[in-house]
Amino acid sequence: MRRILVTGGAGFIGSNFVHYLSENTDCTITVLDKLTYAASREALEGLDVQLVVGDVADPAVVDDLVGRHDAVVHFAAESHNDNSLSDPGPFIATNIVGTFCLLEAARRHDVRLHHISTDEVYGDLALEDPARFTEATPYNPSSPYSAAKAGSDHLVRAWVRSFGVRATISNCSNNYGPWQHVEKFIPRQITNVLGGGRPKVYGTGANVRDWIHAADHSSAVWEILQRGRIGETYLIGADGERDNLTVVREILRQLGRSEDEYDLVTDRAGHDLRYAIDSTKLRTELGWAPAYGDFEAGLAQTIGWYQAHESWWRTHKQATEAAYATRGQA
Ligand code: TDX
């Protein structure tokens, strides 16, 4: 696999994977990205990458591009739950129609495809339930975002079975790290505190997420792309379960503020209680292991990155907070 096309490669996790490829392989890399509000050209600065600005749901762009590559890694997606609740349309267009469009091109040109998905397709777990998601957990998505991702996963499986497309799927837990848009939980709270404000916690803060550093997500995707079995799904997670209040308190502590300086705000509609990943299959079959085993250390590195990149996140902060204010969440 010499020539790799990364869709959504200017987004948070997509650009992290492009960095991973640049640093660890000698592949030729093309990024297809629509450059929506969530993408950053800056995240690709200094890399030897061809950036094609275009829409994954546009067959005229996608077909030719896919045909000129050996493999496609498909990150492009609308990914923020809160946005899917206020305007679901773009989630259907990019996540479902975009994936359909790529699958048709992969089928026509017989190109290997890896589809990036989320643990949210499985719905949520009870807080006290010892269970975690596995590859066998039934799909049960809650939000327009997770339903659209679930739909895209089903399309991939159908194209493997019906048309023999050489595809794999990964479903990852919550990512954190550099270049994540300030609408998401961890960067929102870090940048609130850096700006002299307070973290904003939905509901009671009891909801649990399973955190993984984006760099660990990238290394797992590379393993699956190289050695994953066609037609298989692999869950990616780093045993990072924390409730939201614990994460907020840790951010406040690391930034030298009192741990109770946060606000509880209006809860998210349909808010999933808990996600948790059992990544045994990935670890035993492909020998993958995360490098960021210590969440608090990964968080410290991430806080340091946001401190050093204020000019980047400042440009997004005001509009993001204005949108939260209209929903009673600021
Ligand atoms: O200001 C906030 N306050 C708050 O309490 C925000 C933005 C979020 N939250 C809560 C909601 C969730 O319980 O924090 C948790 C994490 O929220 P998000 O960052 O919005 O992530 P989540 O909804 O868990 O979805 C994420 O993980 C799966 C990603 O956004 C998805 O793209 C991914 O598929």
Quiz item: Given the conditions (1) free of Cβ contacts under 8 Å to residues at least 24 places away in the same chain; (2) closer than 19 Å to Val208 by Cα, and given that Ala136 satisfies all but one, which numbered condition is not satisfied?
Solution: (2)
Quiz item: Checking Val165 against (1) more than 25 Å from Ala105 (Cβ to Cβ); (2) β-branched (Val, Ile, Thr); (3) buried (at least 22 other Cβ atoms within 10 Å of the Cβ), which test does it fail?
Solution: (1)
Quiz item: So which residues in segment 18-55 are touching a residue at least 60 places away in the same chain (Cβ under 8 Å) and either touching a strand residue (DSSP E or B) at 6+ places or on another chain (Cβ under 8 Å) or of a type in the set (A, V, I, L, M) (or both), if there are any at all?
Solution: Leu21, Lys34, Ala38, Ala43
Quiz item: Any idea how many residues of segment 287-309 are closer than 19 Å to Cys172 by Cα and surrounded by fewer than 17 Cβ atoms within 10 Å (Cβ to Cβ)?
Solution: 5
Practice problem: Out of Gly293, Gly304, Gly256, Gly298, report the one residue that is modelled with pLDDT under 95 and among the small types (Gly, Ala, Ser). | Solution: Gly293
Quiz item: Which one is nearest to the ligand (Cβ to nearest atom), of the residues in segment 219-245 that are of a type in the set (Ser, Thr, Tyr) and out of contact with any Leu (no Cβ under 8 Å at 6 or more places or on another chain)?
Solution: Thr233
Quiz item: Looking only at residues in segment 285-306 that are within 16 Å of the ligand (Cβ to nearest atom) and hydroxyl-bearing (Ser, Thr, Tyr), which one is nearest to the chain's Cα centre (by Cα)?
Solution: Thr302
Practice problem: Sort through Ala148, Ala158 and tell me the only one that's out of contact with any Leu (no Cβ under 8 Å at 6 or more places or on another chain), within 12 Å of the ligand (Cβ to nearest atom) and either more than 20 Å from Val221 (Cα to Cα) or not acidic (Asp, Glu) (or both). | Solution: Ala148
Quiz prompt | Residues of segment 218-260 satisfying the condition of being assigned to a helix (DSSP H, G or I) and closer than 23 Å to Glu135 by Cβ | solution = Ser218, Ser219, Ala220, Val221, Trp222, Glu223, Ile224, Leu225, Gln226, Arg227
Quiz item: Could you list, in sequence order, the residues of segment 106-123 that are surrounded by fewer than 24 Cβ atoms within 10 Å (Cβ to Cβ) and farther than 22 Å from Ile212 by Cβ?
Solution: Arg107, Arg108, His109, Asp110, Val111, Arg112
Quiz prompt | Hey, Glu135 in contact with a Ser or Thr (Cβ under 6 Å, 6 or more places away or on another chain), away from the ligand (no atom under 16 Å from the Cβ), at pLDDT 95 or above and of a type in the set (D, E, K, R) or not | solution = yes
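Kindly provide the set of residues from segment 307-325 that are farther than 21 Å from Asp263 by Cα and either free of Cβ contacts under 8 Å to residues at least 40 places away in the same chain or within 16 Å of the ligand (Cβ to nearest atom) (or both), ordered by number.
Ala308, Ser311, Trp313, Arg314, Thr315, His316
If you take the residues in segment 262-284 that are among the acidic types (Asp, Glu) and within 15 Å of the ligand (Cβ to nearest atom), which one is surrounded by the fewest Cβ atoms within 10 Å (Cβ to Cβ)? I'd like the intermediate steps shown before the answer.
Residues of segment 262-284 that are among the acidic types (Asp, Glu), as a first pass: 263, 267, 272, 278.
Still in the list and also within 15 Å of the ligand (Cβ to nearest atom): 263, 267, 272.
Numbers: Asp263: 13, Asp267: 15, Asp272: 20.
Going through the qualifying residues, I end up with Asp263.
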Practice problem: Scan (1) out of contact with any Phe, Trp or Tyr (no Cβ under 7 Å at 6 or more places or on another chain); (2) outside any strand (DSSP E or B); (3) crowded, with 19+ Cβ neighbours inside 10 Å for the single condition Ala215 breaks and write down its number. | Solution: (1)
Quiz item: Can you find even one residue in segment 238-260 that is among the hydroxyl-bearing types (Ser, Thr, Tyr) and touching an Asp or Glu at 6+ places or on another chain (Cβ under 8 Å)?
Solution: no
Quiz prompt | Cross-chain or 6+ apart pairs with Cβ under 8 Å, segment 56-76 first and in a loop (DSSP other than H, G, I, E, B), then acidic (Asp, Glu) and buried (at least 16 other Cβ atoms within 10 Å of the Cβ) | solution = Ala76/Asp33
Exercise. Could you figure out which of (1) farther than 30 Å from Arg108 by Cβ; (2) among the small types (Gly, Ala, Ser); (3) within 15 Å of the ligand (Cβ to nearest atom) isn't true of Ser170?
Key: (1)
Practice problem: Kindly indicate the residue of segment 177-212 that is out of contact with any Leu (no Cβ under 9 Å at 6 or more places or on another chain), part of a loop (DSSP other than H, G, I, E, B) and hydrophobic (A, V, I, L, M, F, W, C) and also farthest from the ligand (Cβ to nearest atom) among those meeting that condition. | Solution: Trp179
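The values are calculated or read from the model by the stated rules, or taken from the named source; none is laboratory data. Keep in mind that this is a model prediction, so the values were computed, not measured. With ideal geometry, Cβ positions are generated from the backbone for all residues, glycine too; neighbour counts draw on all protein chains shown.
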